[in-house]
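What follows is a structure written as structure tokens; I'll ask about it next.
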Amino acid sequence: MAKKKSCSLCGSQESASNHVVELAPGFNICEECGQYIENAFNADKAERSASKASEAAPDKKIPTPKEINDFLDKYVIGQQEAKKYLSVAVYNHYKRVEQQGDDNPDDDVDIEKSNIIMVGPTGTGKTLLAKSIARLLDVPFTIVDATVLTEAGYVGEDIESLLTRLLQACDYDVKKAEKGIVFIDEIDKIARKSDNPSITRDVSGEGVQQGLLKLLEGSTVLVPPNGGRKHPEQKLIAVDTKNILFICGGAFDGIERKIASRLNTRVVGYGQDEVARKQHRENLMRYVTPQDLKSFGLIPEIIGRLPILTSLEPLDKKALRRILTEPKNAIIRQYKKLFQLDGKELEFTDEALDVIVDKAVEYKLGARGLRSIVETVMVDAMFDAPGSKQDTYTVDADYVRSRIDKAYGLAPEV
């Protein structure tokens, strides 16, 4: 029976799970040590590359709040108040990052980080606003879902795994990741189930909020490079979150009742203007305050680390109509481009666009509903167009209605 080889570095013997190879006469190395050496070389190589890139890269001018707002106007329709808040917050954040790089011993003012929380119905543009800002600034950006997070030790993802995706977005360049943007979606889904502190465990609620505190306030966090759970034998990456901008978003469904209760909006008496009252109720979200977020279930500590609070208004028919055609990435423009790539011309009548908007309002899905409806309307035409001799396609209101009725079982198959 052949004698088992042992690793010359760590002394562990060859086993079914740890292979040992002979690199030179009398010198053996096990699989684990080989992996450790490879990781060390890769990390050193990445660090040197990042250092050279930072030395060679010229300093970028930070766009002013007005320039950021103008850029957002190209991609997001409406939401002027939210754009203004975001533009100022992002400008101040990156000015703060730039100021920290200047070694001025006389400067004793320490500017704190201002994370952002956006409140608004689904499909109003929360994610798109964050994506557009990251595109303008050319910084690492990632979207993470708060609903998959749990307390340490439970099935789900650790809080630190939020930063894994940010590292992956910039090829594990830690210096670059430390100036990135993280968009935490569905922040309302980790709200406490009641307004009273509980002595029992809330696996995906208050405990997760407590875990998020260290990320939001700015501290050095050990991040698992491949996500998932942290293991003792796993090589962790230290990431300083001091200069990472966190933007949180959530629909906060039902928070209007908290706002209405605070404002005492019930109207007593006769002869009130029903239209005005309805409009006031629909736009209650604009009056949201940190107090309302606390009533909804966010803990005061996390609200304090999200000092910039802004709301997004529900999209009306006029805004949805503009979203269809005006932005650079407008849905209708995208489909026209797809047809153009096949040498075809696509046109939509105004009446057809109005029908699409009416259906989106009916389904209450916001801007996301527009994409779903247009996809339903266009699927047959896109199936036939590439192999067809027809060069021009016109979508009218009757065609839109017939495709929607057929797709949702409202009309018999023809």
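The values are calculated or read from the model by the stated rules, or taken from the named source; none is laboratory data. What you are looking at is a predicted structure, and each value in this text was computed from that prediction instead of being measured. Cβ: placed from backbone, ideal geometry, glycine included. Neighbour counts: every protein chain shown. Accessible surface areas use protein heavy atoms only, side chains included; no ligands, DNA or RNA. Shrake-Rupley method; radii C 1.70, N 1.55, O 1.52, S 1.80 Å.
What does the charge count near residue 18 come to, summing +1 for each Lys or Arg and -1 for each Asp or Glu among other residues with Cβ under 10 Å from its Cβ?
That works out to -3.
Can you compute the modelled spin-label distance between residue 19 and residue 341, with each label point 7 Å from Cα toward Cβ, in nm?
4.2
On full extension of the chain, what length is gained from residue 283 through residue 213, given 0.36 nm per residue of separation minus the C-alpha to C-alpha distance?
Taking 0.36 nm per residue and subtracting the Cα distance, the gain is 22.1 nm.
Can you tell me which lysines have their Cα less than 20 Å from the Cα of residue 359? Leave out same-chain residues fewer than eight positions away.
Cα-Cα hits under 20 Å: 317, 318, 406.
Between residue 372 and residue 257, what is 0.36 nm times their sequence separation minus the Cα-Cα distance? Round to one decimal in nm.
Working: separation 115, 0.36 × 115 = 41.40 nm, distance 2.98 nm.
The span from residue 372 to residue 257 would gain 38.4 nm if fully extended.
A further question follows. Tell me which residues come under 5 Å, amide H to amide H, from residue 308 once H is placed; ignore anything under 5 positions away on its chain.
115, 117
For residue 294, go through the lysines and keep the ones whose alpha-carbon is under 23 Å away, minus same-chain ones fewer than eight residues off.
Qualifying lysines at Cα under 23 Å: 113, 126, 189, 193, 214, 258.
OK, next. For labels at residue 405 and residue 41 in the simple 7 Å Cα→Cβ model, what's the distance in nm?
The two pseudo-label positions are separated by 6.9 nm.
Here is a further query. Determine the alpha carbon to alpha carbon distance for each of 328/389; 83/176; 61/84 and list only those over 23 Å.
Beyond 23 Å: 328/389; 83/176.
Rolling a 1.4 angstrom probe over the protein chains, ignoring ligands and nucleic acids, what is the accessible area of residue 322 in square angstrom, nearest 10?
Rounded to the nearest 10, that gives 90 Å².
Further, regarding this structure: At a 1.4 Å probe radius, which order do 71, 252, 27 fall into by accessible area, largest first?
27, 71, 252
Starting from 0.36 nm per residue, how many nanometres of slack lie between residue 122 and residue 317 once their C-alpha separation is accounted for?
Full-extension gain reported as 68.7 nm.
Related question: For an R0 of 41 angstrom, estimate the FRET efficiency from the Cβ-Cβ distance between residue 391 and residue 67 and round to the nearest 0.05.
Values: r = 41 Å, r/R0 = 1.01.
The calculated FRET efficiency here is 0.50.
For residue 235 paired with residue 3, estimate the spin-label separation in nm (one decimal), with each label point 7 Å from Cα along the Cα-to-Cβ line.
Rounded to a tenth, the inter-label distance reads 3.2 nm.
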